[in-house]
Structure formats: C-alpha cells, structure tokens
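Quick notes on the structure that follows.
What follows is calculated from the coordinates using simple rules that are stated; it is not laboratory data. Bear in mind that the values here come from a model prediction, so they are computed numbers and not experimental data. Quick reminder, even Gly has a Cβ in these numbers, built from the backbone with ideal geometry, and neighbours come from all protein chains shown.
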Amino acid sequence: MPLSEHEQRQLAQMERALNAEDPKFASALSGTELPGRYRRRAVLGVIGTAVGLALLPTGIGIKFPPASVLGFLIMLGSAYLSITSWRRVRPAGGTAEVQPHARAMPGSKVTAQKLTRIGRLEERWRRRRGAPGR
C-alpha cells in the first residue's frame, strides 16, 4: 500500500528536520560515505600488510622472535581487513555499489527468509514506494 500524499509530506518534513538538527547522523543513515570508508580501510590494510611483511624478516634478522610473530600477526590481520573491505567496495558482480546485506531483487534466487530483518524492512519500503530494488 503506497503512502498517501499527506504521509509523504510528513516524511519529507521529518527528513528535513533530521538534516537540520543532526546532519552528521543524517549522512550516516544515508550511507553515502560508505564506499570511501571501505576504500580507505582497504588501502590501510595493504599498508599494514606491507609493514607486517617487512617486520617478519627483520625480527628474524635481529634474532628477536617476538618481532617476527608480531609482524606475521600484523600482516595477517591487515590482509584480512584489506580483503573484506575491498569486497564491500567491489562486490563479486563487479559493480562499485556497497552492499551491506542481501536484498531480494526481482527475478533473483534470494528469498525473503534469507534476508536480514533490516533487508526485509527495506524491501517492504521499496515496494510501498514503487521503487525498483538497487
């Protein structure tokens, strides 16, 4: 059931009030900063991997095994951070859209049971507005 004209006006008024009252929170809800944030995390992960990779043989060379172990752990954690962040920026389909959770697309194999609660709510909201899924 679509929103009435009065409800749409109220919603728009609430959005304007939220933007005026707390623009930082409103921008966080809009999700426009996410691709840049994940891209920065991916770059920091690559830098951390390089630092860990350099620390690993350095610890062996100075005969201080804890430095080598620390280098390995830094390298491993940074590589994980980099890979997971890059997947959020560039999903398997090759598009540059950040996908925080699964969404039911028309004609897709994803069922409503597989969606998260937030995903189901977003899907209902899109159906009400008559907008196609992302």
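Data for the structure
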{"read-out": "Zone residues, region 33-58, relative to Leu70, backbone N less than 18 Å from point 7 Å out along Cα-to-Cβ", "value": "48-58"}
{"read-out": "Residues Arg39, Arg129 arranged by fewest to most Cβ contacts within 10 Å", "value": "Arg129, Arg39"}
{"read-out": "In range of the label at Arg128: residues from region 1-27 whose backbone nitrogen is under 17 Å from the point 7 Å along Cα→Cβ", "value": "1-16"}
{"read-out": "Label-point separation in nm, Lys24 to Arg120, each point 7 Å along Cα→Cβ", "value": "3.4"}
{"read-out": "Ordering of 117-123, 81-87, 21-27 by packing [mean C-beta count within 10 Å, highest first]", "value": "81-87, 117-123, 21-27"}
